[in-house]
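**Q** Pasting a structure below so you can have a look.
What follows draws every value from the coordinates through simple rules; no lab data is involved. What you see is a predicted model; the values in this text were computed from it and never measured. Cβ: placed from backbone, ideal geometry, glycine included. Neighbour counts: every protein chain shown.
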Amino acid sequence: MDSSFLYFTTSRNHDGTAITGHLLTLGFISYVVKPHMQKIYGRDLRQEAGLTKFIKKSLPPPAKELQQSVDRVLDETRHFVDDFVEADRSKLVAGSSSMAKDTTALFKKYHRGGQLNAS
């Protein structure tokens, strides 16, 4: 089965993992892939693929309304996250630097004889 589908189960852990995976994928596309493609193709980059345009045009009116409202929510969420990251960029950079130092210290602490010691 394709891992890009979201499956709801009776396990909260599985649901949380699936939702987190989808959110991380969307974040990766928004913050890594899209800027990369814009850098390479500039203004020639299409906002939507041909298949996406075709599907949107062929949707019945209730589905179009739902799709537009979901797009609005996603856009508002993306703008909120962009503003949050921009406002706290220095804190995030400082946090990632200290996290890297902490991780290095932990590896040095537990590294013995070329292997990690789990005890």
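**Q** Obtain the nm distance between the two label points defined at PHE54 and ASP71 by a simple spin-label model: each point lies 7 Å from its Cα along the Cα-to-C-beta direction.
**A** Rounded to a tenth, the inter-label distance reads 1.8 nm.
**Q** At 7 Å along the Cα-to-beta-carbon direction for both LEU23 and LYS109, put a label point, then send me their distance in nm to one decimal.
**A** With each label point 7 Å from Cα toward Cβ, the separation is 2.8 nm.
**Q** While we're here: Label points 7 Å out from Cα along the Cβ direction at ASP82 and ASP15: separation in nm?
**A** For the pair ASP82/ASP15, the computed spacing is 3.2 nm.
**Q** Assuming 0.36 nm per residue, please report the length gained on full extension of the stretch LYS101 to GLN38 beyond their Cα-Cα distance.
**A** Gain on stretching LYS101 to GLN38: 19.4 nm.
**Q** Continuing with the same structure: What ranking, highest mean first, results for peptides 46-53, 33-40 when packing means the other Cβ atoms within 10 Å averaged over each residue?
**A** 33-40, 46-53
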